[in-house]
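Novice: One structure is given below, represented as structure tokens, and several questions about it will come after.
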Amino acid sequence: MDFYVWLIVFAVLILIGFVLDREIYFYEGVHLGPRVQAWLYDRWSKKYDKSKRESQLRDNEMLAQPLLDALKNVPEPFMLDFATGTGRLSYALMSQPEFRGRIVALDLSQGMLEQAASKLSPYLNRIELLRHVSLPLPFPDATFDAVCALEVLELFPDMDGPLGELTRVLRPGGLLLTSRGTEESGRRAKVKSKAEFAALLERNGIENVQITKWWKLFDRVTAMKNGSSGLVGPRKLSEVMRCPSCRQIRWGKEAGAMKCQNCGKELSITNEGIVLN
């Protein structure tokens with residue numbers, strides 16, 4: 001009898017190990033909540049770029065140049081790089097002399113942002129790094145000329161939530177750059193056909209959807225928010241981020257911190273320049 005009990009226990013442990021391994025390494029903690037995801041990415045951050053080397057080889061051609069072409073009538077775009085990770089997109093853009101805009105690079109992982117800060121150190125006069133763990137985003141409506149969210153929608157329990165927020169902070173007529181997980185990614189529960197993905201974007205107020213082959217696991221997707229409005233132009237983070245306590249935008253700078261001039265809430269700033277929201 002004891003033999004069968006131990007056999008069952010052993011089988012259960014193997015099953016639990018398989019489920020955890022698949023959840024953590026295949027789905028990147030998508031079902032474990034943003035704080036666990038942040039912890040996982042902190043652990044992976046120093047080796048993360050090595051795992052993405054194949055997809056980064058053509059970043060200038062496949063990401064930076066198409067963005068510059070789409071923003072040719074926006075001389076100094078103000079951009080949100082959502083889920084920036086180690087800053088690959090921001091780096092690709094800043095490496096182009098034609099790009100004269102400003103970027104808020106946001107991620108839930110401080111470890112990933114520390115890698116981004118090292119990579120982006122020559123450009124930190126035009127890039128601000130923000131750790132923000134969960135939705136909603138701390139910005140008013142129509143804050144950005146362009147919003148970028150690459151290889152991230154699949155990491156949410158559903159895509160409508162993040163898309164709704166990304167669209168909200170994008171100005172009417174603004175550019176959305178995102179990605180569609182392909183059938184080769186193996187994440188069958190998260191894969192949407194091109195038609196389904198386009199319909200999802202359109203349901204969230206996005207039009208002119210263009211889906212282009214990028215690399216084997218993801219397609220590049222560009223689109224525009226319905227409507228039109230004036231250009232936002234370059235802003236500083238302190239001019240657009242709501243205080244997490246009082247929701248006002250009245251920031252002052254102190255040593256190693258941003259301080260809300262309305263309620264006194266302080267947000268620490270790390271030595272790397274990362275604002276911890």
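Novice: Among (1) closer than 22 Å to ALA146 by Cα; (2) within 20 Å of the chain's Cα centre (by Cα); (3) not in a strand (DSSP E or B), where does LEU177 come up short?
Specialist: Every listed condition holds for LEU177 apart from (3).
Novice: Hey, another quick one. Which count do you get for residues in the stretch 143-174 that are open to solvent by 10 Å² or more (accessible area, probe 1.4 Å), at pLDDT 95 or above and within 17 Å of ASP219 (Cα to Cα)?
Specialist: Counting residues in the stretch 143-174 that are open to solvent by 10 Å² or more (accessible area, probe 1.4 Å), at pLDDT 95 or above and within 17 Å of ASP219 (Cα to Cα) gives 1.
Novice: Among residues belonging to the stretch 53-75 that are open to solvent by 80 Å² or more (accessible area, probe 1.4 Å) and either in a loop (DSSP other than H, G, I, E, B) or hydrophobic (A, V, I, L, M, F, W, C) (or both), point out the one that is nearest to ARG220 (Cα to Cα).
Specialist: ARG58
Novice: Which one of these does SER55 not meet: (1) farther than 24 Å from ASN125 by Cα; (2) free of Cβ contacts under 8 Å to residues at least 40 places away in the same chain; (3) among the small types (Gly, Ala, Ser)?
Specialist: Among (1) farther than 24 Å from ASN125 by Cα; (2) free of Cβ contacts under 8 Å to residues at least 40 places away in the same chain; (3) among the small types (Gly, Ala, Ser), SER55 violates only (2).
Novice: Moving on. Of all residues in the stretch 122-136, which are more than 15 Å from VAL275 (Cβ to Cβ) and in contact with an Asp or Glu (Cβ under 9 Å, 6 or more places away or on another chain)?
Specialist: LEU135, PRO136
Novice: Just the residues that are of a type in the set (Gly, Ala, Ser) and assigned to a strand (DSSP E or B), please, taken from the stretch 237-261.
Specialist: Going residue by residue through the stretch 237-261, those that are of a type in the set (Gly, Ala, Ser) are 238, 245, 252, 255-257.
Within the stretch 237-261, GLY252, ALA257 qualify.
Novice: Does LYS50 count as surrounded by fewer than 16 Cβ atoms within 10 Å (Cβ to Cβ), farther than 29 Å from ARG168 by Cα and among the basic types (Lys, Arg)?
Specialist: On the way: surrounded by fewer than 16 Cβ atoms within 10 Å (Cβ to Cβ): yes; farther than 29 Å from ARG168 by Cα: yes; among the basic types (Lys, Arg): yes.
Criteria met by LYS50.
Novice: Based on what the data block shows, is ILE249 over 14 Å from LEU130 (Cα atoms) and either surrounded by 15 or more Cβ atoms within 10 Å (Cβ to Cβ) or of a type in the set (Val, Ile, Thr) (or both)? Can you show your working first?
Specialist: Working: over 14 Å from LEU130 (Cα atoms): yes; either surrounded by 15 or more Cβ atoms within 10 Å (Cβ to Cβ) or of a type in the set (Val, Ile, Thr) (or both): yes.
When the stated conditions are applied, ILE249 passes them.
Novice: Please specify each residue of the stretch 191-205 satisfying the condition of being assigned to a helix (DSSP H, G or I), open to solvent by 30 Å² or more (accessible area, probe 1.4 Å) and either without any contact (Cβ under 8 Å) to a residue 12 or more places away in the chain or closer than 11 Å to ASP219 by Cβ (or both). Write out each step before concluding.
Specialist: Restricting attention to the stretch 191-205, the residues satisfying the condition of being assigned to a helix (DSSP H, G or I) are 194-203.
Right, trim to open to solvent by 30 Å² or more (accessible area, probe 1.4 Å) and you get 194-196, 199, 202-203.
Correct list: LYS194, ALA195, GLU196, ALA199, GLU202.
The values are calculated or read from the model by the stated rules, or taken from the named source; none is laboratory data. Keep in mind it's a predicted model, so treat the numbers as computed, not measured. FYI the Cβ positions are ideal-geometry reconstructions off the backbone, even for glycines, and counts take in every protein chain you see. Note: accessible area is taken over every heavy atom of the protein model, side chains too, but ligands, DNA and RNA are not part of it. Shrake-Rupley method; radii C 1.70, N 1.55, O 1.52, S 1.80 Å.
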